[in-house]
Amino acid sequence: MEKERGSFTGKIGFVLAAAGSAVGLGNIWRFPYLAAKYGGGIFLLVYLILAITFGFALMTAEIALGRKTGLSAIGAFRALNKKYSFVGYLASIVPMIILPYYSVIGGWVTKYLVAFVSGQTSLAAGDSYFTDFIAQPVEPVLWFCLFIGLTAIVVLFGVEKGVEKVSKIMMPVLVVLSIFIAGYSVFLPGAMEGVLYYITPDFSKFSATTVLAAMGQLFYSMSLAMGIMITYGSYMKKDVNLNSSVKQIEIFDTGIAFLAGLMIIPAVFVFSGGDEAALGKGPGLMFVTLPKVFESMRGGTFVGAAFFLLVLFAALTSSISLMETVVSIFQDKLKWNRKFTCIVVLIGCILIGLPSSLGFGVWENVKIIGLSFLDFFDFISNSVLMPIVAFLTCIFVGYVIKPKTLIDEIKLSSDFKREKLFVVMIKYVAPICIVLILISSVLDVLGIFKI
Ligand code: PHE
């Protein structure tokens, strides 16, 4: 079968699609929670510095690898050095693991959007609504299939008519919704205390773990170390300015994360009377606390519906990037056509996602190293494989093909002012920091050391 490789039409299409991948569930519930926990403004500051140094170097390297070779992860590594194609394979496993469970959560979001749109606000704010819902054997699976089905339809249409077009519609809507909800939240009576808590640096909370937590979040948030940016880079035209594209993607990703904090922290503060514990980590914040916050607000049904629409768009553009990456890997490797590949990936994804969905109900007692299926997949991909892939990518670029190979690629479309920073980051700083993240997150899960 013939392979057809598409491309983004221009810079805006590329930046919006890559930002669509980067802006996701991680920005909306994980970032605000981490910022609140690690000292508010100080976390924001550390995150920002890391984004323009560490994040910038890794994202630039991945996009340049893709654009230089015109191939997705496996092919890209192999084309530059045969011995390192295993890094491409490792990177490719990550989106295959993430896509199914990410779509299970995407299904929950879709369910909540429909609940708010149909005015079931007080029902959704009920104490056991969430736990009862995810424990059911059939309903969450149907929402999961709907979500992954929507994703597959977009990917089926290809890079230009599917991914790019959808990003060009969803991303501007996402920005408008974020500004609207953040504005609403900040002006709630009594919200200022929460805003100040969020943005005032608390230097006493600064420690090495602040940096590690910010770095871990940065990775996930910028969709690094899983072949996505390599794949998207491979669809980028040679005359599109790579350097300034990376800057814009970072501004997008960090900006939406910051706005999410402004949406959530003040509203939760007002609701809980200033109790930080209400910002609890994980699904609890988004699916349990926030619906209660919306119920207590004037116009909360409308704001809640707008919020879950925002989350749905953020999650969809991310899952599209995951599926596009997986499809592109199969297409490059096996030369299947897009339609057939999409169907195979869709079926595979549903099968792999099922245990993650059922793990909250009928398979509740099945645990792997003490984790539910969903948490286990999340741990293996984010805490183990991603740091390993990022580390190997740095070694590959820094010492095997040498940074100059990519710098030449970047300079095809613009000058490269941060060239020195790029080299220092890729060769020295990033690999060391990544090893530290890997060690700390593994120890964290094994319960030996808590960050
Ligand atoms: N970057 C996305 C976020 O911040 C998460 C994501 C991870 C997206 C993996 C795609 C792939 O939520």
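The values are calculated or read from the model by the stated rules, or taken from the named source; none is laboratory data. Nothing here was measured: the structure is a model prediction, and the numbers come from that model. Virtual Cβ from ideal backbone geometry, glycine too; neighbours counted across all protein chains shown. Remember, those area values only see protein heavy atoms, side chains included, never the ligands or the DNA or RNA. Shrake-Rupley method; radii C 1.70, N 1.55, O 1.52, S 1.80 Å.
Whether a residue is out of contact with any strand residue (DSSP E or B) (no Cβ under 7 Å at 6 or more places or on another chain), away from the ligand (no atom under 16 Å from the Cβ) and hydrophobic (A, V, I, L, M, F, W, C) was assessed, and I352 does not pass this test. Those helices (runs of 4 or more DSSP H) of the range 1-116 in which at least 3 residues are away from the ligand (no atom under 14 Å from the Cβ) and surrounded by fewer than 23 Cβ atoms within 10 Å (Cβ to Cβ), considering only elements entirely within it, cover 11-22, 41-50, 56-69, 73-80.
Note on the range 380-411: residues that are among the hydrophobic types (A, V, I, L, M, F, W, C), farther than 22 Å from T60 by Cβ and within 14 Å of the ligand (Cβ to nearest atom) amount to 1.
Go through the range 401-426 and give me each residue that's assigned to a helix (DSSP H, G or I) and open to solvent by 50 Å² or more (accessible area, probe 1.4 Å). First the steps, then the outcome.
Residues of the range 401-426 that are assigned to a helix (DSSP H, G or I), as a first pass: 403-410, 419-426.
Listed by number, the residues that qualify are K404, D408, E419, K420, L421, V424.
Here I380 fulfils each of the conditions (1) closer than 20 Å to V211 by Cβ; (2) under 21 Å from the mean Cα position of the chain (by Cα); (3) open to solvent by 20 Å² or more (accessible area, probe 1.4 Å) apart from (1).
Remark: pairs (first residue in the range 124-152, of a type in the set (V, I, T); second residue open to solvent by 10 Å² or more (accessible area, probe 1.4 Å); Cβ separation under 6 Å; 6+ apart in sequence or on different chains) = I134/F360.
Being open to solvent by 70 Å² or more (accessible area, probe 1.4 Å) and either of a type outside the set (V, I, T) or within 12 Å of I265 (Cα to Cα) (or both) is the requirement here; does L196 meet it?
Details: open to solvent by 70 Å² or more (accessible area, probe 1.4 Å): yes; either of a type outside the set (V, I, T) or within 12 Å of I265 (Cα to Cα) (or both): yes.
Yes: the conditions hold for L196.
Take the conditions (1) modelled with pLDDT under 95; (2) in contact with a Phe, Trp or Tyr (Cβ under 7 Å, 6 or more places away or on another chain); (3) not charged (D, E, K, R); S319 misses just one of them, which is (1). The condition (being in contact (Cβ under 8 Å) with a residue 40 or more places away in the chain, hydroxyl-bearing (S, T, Y) and open to solvent by 70 Å² or more (accessible area, probe 1.4 Å)) is satisfied by just one residue among S185, S178, S204: S204.
Going through L290, L309, L322 one at a time, which residue ends up being surrounded by fewer than 24 Cβ atoms within 10 Å (Cβ to Cβ) and in a helix (DSSP H, G or I)? Working first, answer last.
Numbers: L290 fails: surrounded by fewer than 24 Cβ atoms within 10 Å (Cβ to Cβ); L322 fails: surrounded by fewer than 24 Cβ atoms within 10 Å (Cβ to Cβ).
Matching residue, one of L290, L309, L322: L309.
What number of residues within the range 341-366 satisfy the criterion of being more than 25 Å from G20 (Cβ to Cβ) and not polar (S, T, N, Q)? Walk me through it before giving the result.
Let us first name the residues in the range 341-366 that are more than 25 Å from G20 (Cβ to Cβ), namely 351, 354-355, 358-366.
Right, trim to not polar (S, T, N, Q) and you get 351, 354-355, 358-364, 366.
Residues flagged as more than 25 Å from G20 (Cβ to Cβ) and not polar (S, T, N, Q) within the range 341-366 amount to 11.
Residues that are of a type in the set (D, E, K, R) and in a helix (DSSP H, G or I) within the range 237-287 comprise K247, E250, D253, E276, listed in sequence order. Of the residues making up the range 255-269, those that are open to solvent by less than 20 Å² (accessible area, probe 1.4 Å) and either away from the ligand (no atom under 13 Å from the Cβ) or more than 16 Å from L25 (Cβ to Cβ) (or both) are G261, M263, I264, I265, P266, A267, V268, F269. The residue that is nearest to S223 (Cα to Cα), counting only those in the range 325-335 that are modelled with pLDDT of 90 or more and touching a helix residue (DSSP H, G or I) at 6+ places or on another chain (Cβ under 6 Å), is T325.
Please go through the range 347-362 and pick out each residue that is open to solvent by 70 Å² or more (accessible area, probe 1.4 Å) and either among the charged types (D, E, K, R) or at pLDDT 90 or above (or both). It would help to see each step written out before you state the result.
Restricting attention to the range 347-362, the residues satisfying the condition of being open to solvent by 70 Å² or more (accessible area, probe 1.4 Å) are 347, 351-352, 362.
Listed by number, the residues that qualify are I347, L351, I352.
Scanning the range 140-153 for residues that are of a type in the set (A, V, I, L, M, F, W, C) and over 14 Å from S328 (Cα atoms) returns V141, L142, W143, F144, C145, L146, F147, I148, L150, I153.
Listed here are the residues, each with its yes/no results for (1) surrounded by fewer than 24 Cβ atoms within 10 Å (Cβ to Cβ); (2) over 22 Å from L25 (Cα atoms).
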site: M297; (1), (2): yes, yes
site: T301; (1), (2): yes, no
site: G304; (1), (2): no, no
site: S318; (1), (2): no, no
site: V326; (1), (2): no, no
site: W336; (1), (2): yes, yes
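Given the criterion within 16 Å of V389 (Cβ to Cβ) and in contact with a Ser or Thr (Cβ under 9 Å, 6 or more places away or on another chain), identify the matching residue among F77, F54, F14. Residue meeting the stated conditions: F77.
How many of the residues making up the range 191-226 are within 16 Å of the ligand (Cβ to nearest atom) and either assigned to a helix (DSSP H, G or I) or over 21 Å from the mean Cα position of the chain (by Cα) (or both)? Even if it seems obvious, please write down each step before you answer.
Applying the first criterion (within 16 Å of the ligand (Cβ to nearest atom)) to the range 191-226 yields 213-226.
With the extra rule that they be either assigned to a helix (DSSP H, G or I) or over 21 Å from the mean Cα position of the chain (by Cα) (or both), the set shrinks to 213-221.
Number satisfying all stated conditions: 9.
Within the range 243-254, the set of residues being more than 13 Å from the ligand (Cβ to nearest atom), touching a residue at least 12 places away in the same chain (Cβ under 8 Å) and not charged (D, E, K, R) comprises N243, S244, S245, V246, Q248.
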